[in-house]
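The values are calculated or read from the model by the stated rules, or taken from the named source; none is laboratory data. None of the values given here were measured: they were computed from a predicted structure. Cβ atoms come from the backbone with ideal geometry, glycine included; neighbour counts cover every protein chain shown. To get the accessible areas, we keep the full protein, side chains included, count just its heavy atoms, and leave off ligands, DNA and RNA. Shrake-Rupley method; radii C 1.70, N 1.55, O 1.52, S 1.80 Å.
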Amino acid sequence: MPLRLPASPAQSLLRKMIAAGLRAADPYHALLDAVSLEGHSLRVRRRSYDLATYERVIAVGAGKASARMAQALERVLGARLEGGLVVVKTGHRVPTKRITVVEAGHPVPDRAGLRAADQLRRLVHDLTPRDLVMVLLSGGASSLLPAPVPGVTLADKQHTTRLLLRSGATIQEVNAVRKHLSLLKGGGLAKSTKATVATLILSDVIGDDLGSIGSGPTAPDPTTYGDAVAVLQRFSIWRAVPATVRHHLMRGCRGGVPETLKPGSRRLRRVQHEIIGNNGGMLGAVTRVAREAGFRTVLLSTAVTGEAREAAKQLACLARPIAMGTGLLRRPSCVVAGGETTVTVTGRGKGGRAQEFAAAAAFDIAGLPRVWLAAIGTDGTDGPTDVAGAVVSGETVARAKKIGVNLKSALRRHDTYPALKALRCHIRTGPTGTNVNDLYLLLLP
């Protein structure tokens, strides 16, 4: 996997830290650490499944990391695995032997995802109580498995998704709506099959809430149709979503269509979940590299959330007292954080939350000597762009003025990609095959 960062005195250490984090988040090795086969006994951490009691074992799933997870499961199960289907973001396919890998659109669902979701539903629907289905789930699954409820079209879901993504809603709020427009989300996949379900999860959600990861296709959903309506109203897009969406949600509020799978459902007795990796494991690996390099390193216990530019100020403000020698931390220092911010888009600019975070932080560290801040999406694609994120320094704002790049205007228009490209600030990894939220680094050698 190529890892290209802007040239700077901090480049070598930043590369080592980011590389260590991505290795720790690798879904292939995470699955091999969690799953093993001894004779007929399939062990998933402390749980075991006697494969002699199952007629078929198949794998289904979706998410940016699901193809790498599929590769690992094939290695564990070998010929005992009958086959399966996983859906990944376009460009994230890897070779597999028994499990079919399909590419589809993300973050806005497309027809490839619609066809794959229909194929997956038919596959699990035909299973019996004497079958075992391994569900391989990671971030991105919500968009990759569009299965609209009757009366709602793919175009309706696409328009609703775009409005939600631009609204500034959190991923939990977005998913509350998506679950109630889907046949698979909110426990819909678990309801679609009679088989025993073992869901292996690479979490991209802080706190590992099962209902939020990939919109919880096999997990109980505590949200309601009323919650979904409230989200659309809260962000002033209720009247902007298609009439079919409003009609379905209101029918649900009146009890005219079934709710999503709820906690305590009998169906959950045959469903188990196992988190095999998350943001915390990645952050731990990054922190160890910084400390081994001799840096006084702080790992923030609170996840970075909220609007990207506001969250950037909170992290960047830690730099000045360290740089001036007035804070509790002294050079060489490093602050490590993880999380997932949002961007309320008001224009047609090109960028992503990591690039917006870095561009905003550049103003708060402007003029500080030997200070670098990096923001990176661990899946390797920040928003609808071909970069993972960006690195800025105390010199970035001055350099922007010198070469005629209006960074403040770019931020205002949410058009950070071309500005950061001109400044040669981008981090490039290509598709990483994983997805465990974003990584933020503040470095003061």
(request) For region 110-127, take each phi angle, set θ = phi - 60°, evaluate the Karplus expression 6.51 cos²θ - 1.76 cosθ + 1.60, and give the result in whole Hz per residue in order, putting x for glycine and proline. (result) 9, 5, 4, x, 4, 5, 5, 5, 5, 5, 5, 4, 5, 5, 6, 5, 7, 7
(request) Order the peptides 17-25, 108-116, 435-443, 236-244 from the highest to the lowest mean number of other Cβ atoms within 10 Å of their residues. (result) 435-443, 17-25, 108-116, 236-244
(request) Jot down the radius of gyration and Dmax of the chain, Cα atoms only, both in angstrom. (result) 22.3, 70
(request) Sequence neighbours fewer than 8 away in the same chain don't count; with that in mind, list the lysines whose C-alpha is under 25 Å from Lys185. (result) Lys64, Lys89, Lys157, Lys194, Lys262
(message) If you average the C-alpha positions of region 118-158 and of region 95-109 separately, how far apart do those two centres end up, in angstrom?
(response) 13 Å
(message) Between helix 11-24 and the chain, what is the angle of the helix's C-alpha long axis to the longest principal axis, kept within 0 to 90° and rounded to the nearest 10?
(response) 10 degrees
(request) Using the Karplus curve 6.51 cos²θ - 1.76 cosθ + 1.60 with θ = phi - 60°, work out ³J(HN,Hα) for each residue of region 184-198 in order, rounded to whole Hz, and write x for Gly and Pro. (result) 10, 6, x, x, x, 5, 4, 6, 7, 9, 9, 6, 5, 10, 10
(request) Determine the calculated [θ] at 222 nm for the chain from helices alone, applying -39500 (n - 2.57) to every DSSP H run no shorter than 4 residues and normalising by the residue count; nearest 500 deg cm²/dmol. (result) -10500 deg cm²/dmol
(request) State the percentage of accessible surface on the chain attributable to carbon and sulfur atoms; use a 1.4 Å probe and exclude ligands, DNA and RNA. (result) 52 percent
(request) For region 113-260, give the share of DSSP beta bridges that are antiparallel, in percent and rounded to the nearest 5; count only bridges with both residues there. (result) 10 percent
(request) Just add up the charged neighbours of Leu210: K/R +1, D/E -1, any other residue whose Cβ is under 13 Å from the Cβ of Leu210. (result) -3
(message) Give the separation of the Cα centroids, region 358-378 to region 27-64, in Å.
(response) 42 Å
(message) Going by amide H atoms built from the backbone, whose H comes under 5 Å of the H on Ile276, apart from near neighbours?
(response) Ile201, Leu202, Ser203
(request) Of the DSSP beta bridges with both residues in region 25-113, give the percent that are antiparallel, rounding to the nearest 5. (result) 40 percent
(message) Looking only at the chain, where both bridge partners belong to it, what percent of the DSSP beta bridges are antiparallel (to the nearest 5)?
(response) 45 percent
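Could you please tell me the mean projected area of the C-alpha convex hull for region 158-301, averaged over all directions and given in square nanometres to one decimal?
10.8 nm²
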(request) Would you pull out the residues with amide H under 5 Å of Ser182's amide H, same chain only if 5 or more places away, H placed 1.01 Å from N? (result) Val149
(message) Considering just Cα atoms, how many Å³ per residue does the convex hull of region 170-246 enclose?
(response) 90 Å³
(request) Could you work out how far the C-alpha centroid of region 268-285 sits from that of region 69-84, in angstrom? (result) 19 Å
(message) So if I restrict to the alpha-carbon atoms in region 370-445, what is the Rg, and what is Dmax, the biggest pairwise distance, in Å?
(response) 12.8, 38
(request) Mind checking which aspartates and glutamates have their Cα closer than 19 Å to the Cα of Lys179? Skip sequence neighbours fewer than 8 apart in that chain. (result) Asp110, Asp118, Asp156, Asp204, Asp208, Asp209, Asp221, Asp227, Glu259
(message) Less than 26 Å apart at the alpha-carbon level, and either on another chain or at least 8 residues along: which lysines does that give for Lys313?
(response) Lys16, Lys350, Lys401, Lys402, Lys408, Lys421
(message) With the crude spin-label approximation of a point 7 Å out along Cα→Cβ, what separation in nm comes out for Ala19 versus Lys401?
(response) 3.7 nm
(request) Report the charge-dipole magnitude of the chain in Debye, nearest 20, computed about the Cα centre from +1 at each Lys and Arg Cβ and -1 at each Asp and Glu Cβ. (result) 560 debye
(request) Using a/c under 1.5 as the rounded threshold, could you call region 72-134 rounded, prolate or oblate? The axes a ≥ b ≥ c are square roots of the C-alpha gyration tensor eigenvalues, and prolate needs a/b larger than b/c, oblate otherwise. (result) oblate
(request) Please build a GNM for the chain, connecting alpha carbons under 10 Å apart, and tell me which residue among Thr416, Thr297, Thr432 fluctuates the most. (result) Thr297
(request) Starting from the Kirkwood radius over alpha-carbon pairs of region 237-392, derive D by Stokes-Einstein at 25 °C in a medium of 0.890 mPa s and give it in µm² s⁻¹. (result) 129 µm²/s
(request) Would you mind checking which residues have amide H under 5 Å from Gly83's amide H? H placed 1.01 Å from N; only 5 or more apart, or other chain. (result) Ala59
(message) Using the Karplus curve 6.51 cos²θ - 1.76 cosθ + 1.60 with θ = phi - 60°, what ³J(HN,Hα) values do you get for each residue of region 366-382, in whole Hz, with x for Gly and Pro?
(response) 4, x, 7, x, 6, 10, 10, 10, 10, 9, 9, x, 5, 7, x, 10, 8
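Per residue, how much accessible area does the chain have with a 1.4 Å probe, in Å²?
Here the per-residue accessible area is 41 Å².
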(request) Given the peptides 45-55, 31-41, arrange them by the average over their residues of other C-beta atoms within 10 Å, most packed first. (result) 31-41, 45-55
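Which order do the peptides 215-221, 134-140, 338-344 take when ranked by the mean count of other beta-carbon atoms within 10 Å per residue, highest first?
Per-residue Cβ counts within 10 Å, averaged per peptide and sorted highest first, yield 134-140, 215-221, 338-344.
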(request) Inverting the mean 1/r over all pairs of different Cα atoms, compute the Kirkwood radius of region 1-44 and quote it in Å. (result) 12.9 Å
